[in-house]
Amino acid sequence: MNRHLAGCLLAAAVSTLSTGAIGAVRSAAMGGVGFPDSRGIATVLWNPALLDREDRPPWSVAVLALDVELGNSSLSLSDYKRYNGAVLSESDKSSILSAIDADGLETYAAGRGLYPGVQYGSAAIFATTRGAESGKLSKAAVEAVLIGFDLRDELDLAGQGEATLWTEIGVAYAHRIGDVQVGASVKRLFGHYTIKSWCVGEVTPILADSVLKSVGTDGSAYTREADGGGGWGIDLGFARQWESTTLSVSVSNLVAQIDWSGNPWLQGVTHRSSDLVGEEFPEGEETDESVAPFTTDLPATWRLGAAHRPSPTWTLVAGMVRDSVTGSELGLGSEWRGVDWLPLRFGTALHSVDGIRLSTGLGLIVGGFNLDLSVGQGNGVFGGAKGVGVGVGVSFAP
């Protein structure tokens, strides 16, 4: 049973193995929805149609833009510091289980890095590296590992997790059709690594007059991975401007697939037993072999947002983001430019995994040099946060 449960834990623990590097830092500081007000090279990360906005810079260069976000549905940073590497007492185990939702432990990690990228007029060329991870483990599986279980009780185990790291090299162009800006990016995709783990299992006791007669088990745990592949992707966006207001609608990875042909491999175990009473847990049928190349679809991200400038020193943004890996969020944000060379940014969002998010950041503008910093926390602050995000960006624009 330990091997099967270890496979279940791997399915959710992939999140601790994958950290995306990577994003447009200004948008992250504004509740993660600052994208409708993006300009220049940063627009290729959110909506290529904004390359043709009326107030775009004539040119811009991204030297480096990195941000990463990760979190989970149940455990805080303080919990991690308290329990990581420690010998857990019965009280500790109970505290961990009480913190996990009835739906189980859900995790995510994502990020993107733009380096380098060049925008000239309504066109851009760029390179990004992206990472995405998601995982979920049933509460019953966590409880079985931490405390164990009574063979008299039925037990359903389930877990899954996947992570992918890839690089995109692309070109983007936008053009105005009437009052609407339309833009698209075409990207060559280079897959670096992908892993997918999943497990299912059942323990079914058979009782007669309250006496345990037999215990049936049926379960499996597998991991599939590859370390090289290639493909193509397309982003599409639309935008509309009215004086001080901008509306943005876009989808990243509208079509995006990677064919994984680099050392595709499958490992796992399947077991079945009709009677565990008085017997050791069966080893099961193991798999450890090369498999045929396979294809994965990269997660699509849908964005809808608006930006408004009520005064020369204030920008307000609102938006919705739907990502199949990191979840959905509704956000509000603002930027204050009372000091031209030191813009201050703030934001908040409601996220489907880690609840209410708070974010802040600032910029430093000296001549054509731009430095952006951001930090965010989800479902709590400081040690109580269940999600965190940080970012730094360096760019040039006139």
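May I ask you to list the residues in segment 44-58 that are out of contact with any Lys or Arg (no Cβ under 8 Å at 6 or more places or on another chain) and within 13 Å of Val182 (Cβ to Cβ)? Selection gives Pro48, Ala49, Leu51. Screening Ser38 against (1) without any contact (Cβ under 8 Å) to a residue 24 or more places away in the chain; (2) over 29 Å from Ala306 (Cα atoms) leaves a single unmet condition, (2). Within segment 195-208, residues that are within 30 Å of Leu165 (Cα to Cα) and hydroxyl-bearing (Ser, Thr, Tyr) have Cβ atoms under 6 Å from residues that are at pLDDT 75 or above and in a strand (DSSP E or B) in these pairs: Ser197/Gly161; Ser197/Thr223, counting only partners at least 6 apart in sequence or on another chain.
Tell me, please, whether a residue that is among the polar types (S, T, N, Q) and surrounded by fewer than 22 Cβ atoms within 10 Å (Cβ to Cβ) can be found in segment 109-126.
yes
Within the set Arg337, Arg357, Arg322, Arg345, the sole residue that is charged (D, E, K, R) and surrounded by fewer than 17 Cβ atoms within 10 Å (Cβ to Cβ) turns out to be Arg322.
The residues in segment 362-382 that are small (Gly, Ala, Ser) and under 18 Å from Ile41 (Cβ atoms) can be counted, and the count is 4. Residues in segment 9-24 that are under 21 Å from Thr129 (Cβ atoms) and either modelled with pLDDT of 90 or more or touching a helix residue (DSSP H, G or I) at 6+ places or on another chain (Cβ under 7 Å) (or both): Gly23, Ala24. Scanning segment 55-64 for residues that are surrounded by fewer than 24 Cβ atoms within 10 Å (Cβ to Cβ) and touching a strand residue (DSSP E or B) at 6+ places or on another chain (Cβ under 6 Å) yields Trp59, Ser60, Val61, Val63, Leu64. Of the residues Ala124, Ala102, the single one that is in contact (Cβ under 8 Å) with a residue 12 or more places away in the chain, among the hydrophobic types (A, V, I, L, M, F, W, C) and either in contact with a Ser or Thr (Cβ under 6 Å, 6 or more places away or on another chain) or part of a strand (DSSP E or B) (or both) is Ala124. Of the residues examined, Ala65 is one that is farther than 20 Å from Lys139 by Cα, of a type outside the set (S, T, N, Q) and either modelled with pLDDT of 85 or more or under 20 Å from the mean Cα position of the chain (by Cα) (or both). The residues of segment 111-141 that are among the hydrophobic types (A, V, I, L, M, F, W, C), within 18 Å of the chain's Cα centre (by Cα) and more than 22 Å from Ser395 (Cα to Cα), listed by number, are Ala132, Leu137. Filter segment 264-282 down to residues that are modelled with pLDDT under 95, surrounded by 13 or more Cβ atoms within 10 Å (Cβ to Cβ) and assigned to a loop (DSSP other than H, G, I, E, B) and give me whichever is farthest from the chain's Cα centre (by Cα). Only one residue fits best here, namely Leu276. Is it the case that Val171 is at negative phi, surrounded by 15 or more Cβ atoms within 10 Å (Cβ to Cβ), at pLDDT 95 or above and not small (Gly, Ala, Ser)? So Val171 passes the test.
So, of the residues in segment 207-253 that are among the acidic types (Asp, Glu) and at pLDDT below 95, which turns out to be farthest from His192 (Cα to Cα)? The qualifying residue farthest from His192 (Cα to Cα) is Asp209.
Out of Ser122, Ser185, Ser134, report the one residue that is hydroxyl-bearing (Ser, Thr, Tyr) and within 19 Å of Ser73 (Cα to Cα). After applying the criteria, what remains is Ser134. All conditions but one from (1) surrounded by fewer than 18 Cβ atoms within 10 Å (Cβ to Cβ); (2) among the aliphatic types (A, V, I, L, M); (3) farther than 20 Å from Thr245 by Cα; (4) out of contact with any helix residue (DSSP H, G or I) (no Cβ under 9 Å at 6 or more places or on another chain) apply to Val392; the one that does not is (4).
The values are calculated or read from the model by the stated rules, or taken from the named source; none is laboratory data. This is a predicted model, so every value here is computed, not measured. All Cβ positions, even for glycine, are placed from backbone atoms using ideal geometry, and neighbour counts span all protein chains on display.
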